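**Student:** One structure is given below, represented as structure tokens, and several questions about it will come after.
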Amino acid sequence: MIKLEPELNIQSGTPLLEIINLKKYFPVEGGIIQRILPTQKDYVHAIDDISFTINRGEIFCLVGESGCGKTTTANILVGLEEPTAGSFKWKDNLISYQDLKPKIKDIKSQIVFQNPYSALSPRMRLGDSVLHSLIIHNRVQDKITLKRLKNAFKSEIILFISALFSIFLFIISFMLDASSGFLIAITAALLFTLASGIYVNYSLIQKKKIADPRVLDLFTEVGLSPALQYYFKYPHEVSGGERQRANIARAIILNPELLIADEPTSMLDVSLRAGILDSLKSLQETHNISILFITHDLATARHFGDRISVMYVGKVAEMGSIDSIFKNPLHPYTKALIEAIPTPIPGDKAYNLPKGEVPDAVHPPPGCRYHPRCTYAKFPYCETEEPELRELFPNHYVACHFPLNSI
Amino acid sequence: MTSSILSSARKTQSNDRYYNKALLEIKNLIVEYPVKEGNVRAIDDVSLTLYRGEVLGLVGESGCGKSSLGFTILKLLKGGVIRSGEISFNDINLVTIPEGEMQLLRGPELSMIFQASQNALNPLQKVLNHFIDTLKTHYRWNDESWQKILELLNRLEIPESRLEDYPFQFSGGMQQRIVIALTLILNPKLIIADEPTTALDVLVQARLLEILKEIIKEYDLTVLYITHDLGIVAEITNRVAIMYAGQILEIGDTQTIFQNAAHPYTRALIEAIPNVKDEEKKLLSFIPGHPPDLRNPPLICCFADRCSYSQDICHSKKPQSINLNFENGVQHKVKCFIYDDRYGHLFDQK
Ligand SMILES: Nc1ncnc2c1ncn2[C@@H]1O[C@H](COP(=O)(O)OP(=O)(O)OP(=O)(O)O)[C@@H](O)[C@H]1O
Ligand SMILES: Nc1ncnc2c1ncn2[C@@H]1O[C@H](COP(=O)(O)OP(=O)(O)OP(=O)(O)O)[C@@H](O)[C@H]1O
Ligand SMILES: [Mg+2]
Ligand SMILES: [Mg+2]
């Protein structure tokens, strides 16, 4: 097990990170006319005034159609993108983004990316990749790690010297004319290279000396076992699911309080998906990490999360506990999303599917952003007045003029 | 849409129209990709029949050979070699016919909607020109063509006014519908649809599936529907083939597969799908391990390493396809020793 310094007074329901009125507009690169006349500048309203709270030790899901601003939110929270506006509360202290950033650097939050194939360095063994994230974050002051690194370095040196030595033997063998001496020297050189290679790469003793015990523990925990074997594999030698597990290990080893997972399973097959989610959940429980889980797959969110926020074109449409949202969706959009998921039951049919497509985030529709597609009530002010996010039931918020419980 | 020019030519409506006349028959097909370290056996002894008017789902995990099978049927395999087997389409053997004749079949007879095919639209050409080009290359441009195009657009919910637009001006869902319209305009008998909705959002996907279902019925199409999503299969297909590591492990009626799956892999796959409409939240199950390497596969059951029922026999012999009998009379085949009379007793304890 990894040594943790758990804060003992953690209660569920205490906020870890509050996001307040977050906005992110990307300027649109216009044509020549727009460049000459800067007054006409257009913006992609990627995130347009959203607020939500991630509690300690919970899995908070962010769902919505492609382009609704999920990844942008994640990128802001890990410091890859600057917000246009917005403030943050970290453990009840109001801080600006500039103050949040060092917190992020201080590995309070970590990210697991959408694509497991590109997130690991192809030249590093899985174990080293994980260890490397400690090194990047200057977390290697402790003696054990330094010793391991020294051992790894030693084995590199052994390989290097043996290579030099065999080159030397080769040169000698070419200088010798006598055929018997030539053969002996070549054989010796080959044997020597082989032996040292085997010793460094395949000897269990050497591997155990090099492998970091924390990484090994973590590998077992995320389901990469036997850990020692996986430690020395390269990314191309393992499957997509195993790569994603290594990615998770790499984020967890920094002992974050908040883990941001951007579609960690959407590139994976169903048969592997549930396994990864399982590992994430048990990690979340043992280490008491909060997870911001981003997905477009409502079914996964339902089985995995505690609370959920449904986004539509940069806005929060509905937010609440998973159970109350799935049992009693209040926003027509949420209902449509739930209806639209193909179920594994032949003959099951979806009803009330909205027509049309996601509106362009550069010119979002006025009023309620969902009104052009909404199959339910169409009142004049759906088209003119933007609905506020209001709490209709305890901890269940909806931004709709005519929520479904009123119809 | 009440009367349809396209469907008038081939209209045979009756409920038991399926499973009478075979349109496409594949027998013992083996396809390999030669690579440095050996041969990747992407299709391993596949036999499959497509009947006129049915929608057959081809399901499997990434890399199991679904697209390769589609490409093989169209003879568009890049880098792959047909090692043995037979593909007969309307009694024409597609494996042996010359490329010139195959070109005449591709489009008007059999056609494919490619994975992420939106990208195949020419960005420099208006949508209308795509239609005209497609018809002209196959010498199908005539007086009725114009009406055909409008009818199809109407059917696929693309406004007529947008014919003069360029592909990039459309959303992903619309581009996908344009590609489908371009396929249908030639009136093909068989369509191979390779994950036509995977790149799309749930809502757009659900709408497109609805439209596809209506069109398949109305135009009496025969479709091989390739997907990894069993939810879509449940919605749109009549029969399903479950593919794993280049082999078809189970094939049968969709209803039967979902309620009474025979192969341990099919069962595990069905259990791993989350269902939002379940009353109770339940823990998802998954299949430990990962699919085998397709390079030079050993002669054993390809699923044995991950199977919770596997016995010694599974690791030493390759199972043959076995016919199962279900009440509805639809042919159901499974490749698993559990159902083999000679070996079934080995599994009794489980
Ligand atoms: N760097 C950028 N410059 C301009 N526009 C951007 C940029 N990054 C994102 N956007 C736009 O912001 C919107 C939100 O994008 P984002 O990537 O957050 O969506 P998402 O919800 O993660 O979608 P997906 O499910 O497809 O990953 C989109 O319209 C996108 O085109
Ligand atoms: N040109 C090629 N050369 C070598 N191997 C190939 C080639 N094309 C495909 N393969 C291999 O053949 C196998 C089957 O590939 P195929 O594309 O048919 O899978 P698929 O079932 O369509 O997967 P996906 O769901 O990811 O599209 C894979 O293991 C793939 O790596
Ligand atoms: Mg994203
Ligand atoms: Mg494919």
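The values are calculated or read from the model by the stated rules, or taken from the named source; none is laboratory data. Bear in mind that the values here come from a model prediction, so they are computed numbers and not experimental data. Reconstructed Cβ throughout: ideal geometry from the backbone, glycine too, with neighbour counts over all protein chains shown.
Residue-by-condition table, conditions (1) within 14 Å of ligand 2 (Cβ to nearest atom); (2) assigned to a helix (DSSP H, G or I); (3) modelled with pLDDT of 95 or more:
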| site | (1), (2), (3) |
| --- | --- |
| B:39 | yes, no, no |
| B:43 | yes, no, yes |
| B:61 | yes, no, no |
| B:67 | yes, yes, no |
| B:79 | yes, no, no |
| B:115 | yes, no, no |
| B:131 | no, yes, no |
| B:135 | no, yes, no |
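**Student:** Follow-up. Among the residues in region A:171-185, are any under 46 Å from the mean Cα position of the chain (by Cα) and modelled with pLDDT of 75 or more?
**Tutor:** No, region A:171-185 has no match at all.
**Student:** Something else now. Regarding residue B:47, is this residue over 13 Å from residue B:28 (Cα atoms) and either more than 16 Å from ligand 3 (Cβ to nearest atom) or more than 14 Å from every other protein chain (Cβ to nearest Cβ) (or both)?
**Tutor:** Answer is no for this residue.
**Student:** Could you tell me whether region B:284-296 includes any residue that is at pLDDT 90 or above and of a type in the set (A, V, I, L, M)?
**Tutor:** No, region B:284-296 contains no residue that is at pLDDT 90 or above and of a type in the set (A, V, I, L, M).
**Student:** Mind listing whichever residues of region A:246-280 are part of a helix (DSSP H, G or I), more than 9 Å from chain B (Cβ to nearest Cβ) and either within 16 Å of ligand 2 (Cβ to nearest atom) or in contact with a helix residue (DSSP H, G or I) (Cβ under 8 Å, 6 or more places away or on another chain) (or both)?
**Tutor:** A:246, A:248, A:249, A:250, A:251, A:252, A:279, A:280
**Student:** Residues A:320, A:305: which one is closer than 19 Å to residue A:263 by Cβ and either in contact (Cβ under 8 Å) with a residue 12 or more places away in the chain or away from every other protein chain (no Cβ under 12 Å) (or both)? Quick ask: steps written out before the conclusion?
**Tutor:** Numbers: A:320 fails: closer than 19 Å to residue A:263 by Cβ.
Going through A:320, A:305 in turn, just one is closer than 19 Å to residue A:263 by Cβ and either in contact (Cβ under 8 Å) with a residue 12 or more places away in the chain or away from every other protein chain (no Cβ under 12 Å) (or both): A:305.
**Student:** Can you tell me which residue among A:277, A:268, A:298, A:259 is of a type in the set (A, V, I, L, M, F, W, C) and without any contact (Cβ under 8 Å) to a residue 40 or more places away in the chain?
**Tutor:** A:277
**Student:** What tally of residues in region B:210-264 results from selecting those that are assigned to a strand (DSSP E or B) and of a type in the set (Asp, Glu)?
**Tutor:** 2
**Student:** Filter region B:209-259 down to residues that are of a type in the set (D, E, K, R), closer than 27 Å to residue B:177 by Cα and surrounded by 22 or more Cβ atoms within 10 Å (Cβ to Cβ) and give me whichever is nearest to the other protein chains (Cβ to nearest Cβ).
**Tutor:** From region B:209-259, those of a type in the set (D, E, K, R) are B:210, B:213-214, B:217-218, B:220, B:229, B:235, B:239, B:250, B:253; that's our starting set.
Checking which are closer than 27 Å to residue B:177 by Cα leaves us with B:210, B:213-214, B:217-218, B:220, B:229, B:235, B:239.
Adding the requirement that they be surrounded by 22 or more Cβ atoms within 10 Å (Cβ to Cβ) leaves B:235, B:239.
Working: B:235: 5, B:239: 11 Å.
Of everything passing the filter in region B:209-259, B:235 is nearest to the other protein chains (Cβ to nearest Cβ).
**Student:** Okay, next question. Hey, can you tell me all the residues within region A:256-276 that are in contact with a strand residue (DSSP E or B) (Cβ under 9 Å, 6 or more places away or on another chain) and away from ligand 1 (no atom under 16 Å from the Cβ)?
**Tutor:** A:256, A:257, A:258, A:259
**Student:** I'd like the full set of residues that are in a strand (DSSP E or B) and within 14 Å of chain B (Cβ to nearest Cβ), limited to region A:281-297.
**Tutor:** A:293, A:295
**Student:** Considering region B:21-73 alone, what residues qualify as being away from ligand 4 (no atom under 13 Å from the Cβ) and over 27 Å from residue B:330 (Cα atoms)? Can you show your working first?
**Tutor:** Step one: filter region B:21-73 for residues away from ligand 4 (no atom under 13 Å from the Cβ), giving B:21-41, B:44-57, B:73.
Those that are away from ligand 4 (no atom under 13 Å from the Cβ) and over 27 Å from residue B:330 (Cα atoms): B:31, B:32, B:33, B:34, B:35, B:36, B:37, B:38, B:39, B:40, B:41.
**Student:** Moving to a separate point now. Give region B:91-108 a look and list any residue that's part of a loop (DSSP other than H, G, I, E, B) and touching a strand residue (DSSP E or B) at 6+ places or on another chain (Cβ under 7 Å), or say none.
**Tutor:** Those that are part of a loop (DSSP other than H, G, I, E, B) and touching a strand residue (DSSP E or B) at 6+ places or on another chain (Cβ under 7 Å): B:94, B:95.
**Student:** Ok, one more. Does residue B:196 meet the test of being touching a residue at least 12 places away in the same chain (Cβ under 8 Å), crowded, with 18+ Cβ neighbours inside 10 Å, in contact with a helix residue (DSSP H, G or I) (Cβ under 7 Å, 6 or more places away or on another chain) and in a loop (DSSP other than H, G, I, E, B)?
**Tutor:** yes
**Student:** Are any residues in region A:213-226 more than 14 Å from chain B (Cβ to nearest Cβ), in contact (Cβ under 8 Å) with a residue 12 or more places away in the chain and surrounded by fewer than 23 Cβ atoms within 10 Å (Cβ to Cβ), and if so, which ones?
**Tutor:** A:213, A:214, A:216, A:217, A:221
**Student:** Could we say that residue B:308 is within 14 Å of chain A (Cβ to nearest Cβ), touching a residue at least 40 places away in the same chain (Cβ under 8 Å) and surrounded by fewer than 18 Cβ atoms within 10 Å (Cβ to Cβ) here?
**Tutor:** For residue B:308, the condition - within 14 Å of chain A (Cβ to nearest Cβ), touching a residue at least 40 places away in the same chain (Cβ under 8 Å) and surrounded by fewer than 18 Cβ atoms within 10 Å (Cβ to Cβ) - is met.
**Student:** Within region B:81-113, which residues are exposed (fewer than 13 other Cβ atoms within 10 Å of the Cβ) and away from ligand 2 (no atom under 16 Å from the Cβ)?
**Tutor:** Matches in region B:81-113: B:84, B:91, B:93, B:96, B:98, B:99, B:100, B:101, B:103, B:104.
**Student:** Could you grab me the full set of residues in region A:367-407 that are surrounded by fewer than 13 Cβ atoms within 10 Å (Cβ to Cβ) and under 33 Å from the mean Cα position of the chain (by Cα)?
**Tutor:** A:388, A:390, A:391, A:394, A:395
**Student:** Quick one: in region A:320-346, of everything that is outside any helix (DSSP H, G or I) and out of contact with any helix residue (DSSP H, G or I) (no Cβ under 8 Å at 6 or more places or on another chain), which residue is farthest from residue A:83 (Cα to Cα)?
**Tutor:** A:321
**Student:** I need the full set of residues from region B:186-208 which are among the small types (Gly, Ala, Ser) and either more than 24 Å from residue A:296 (Cα to Cα) or away from chain A (no Cβ under 14 Å) (or both), in order please.
**Tutor:** Within region B:186-208, just B:193 meets the criteria.
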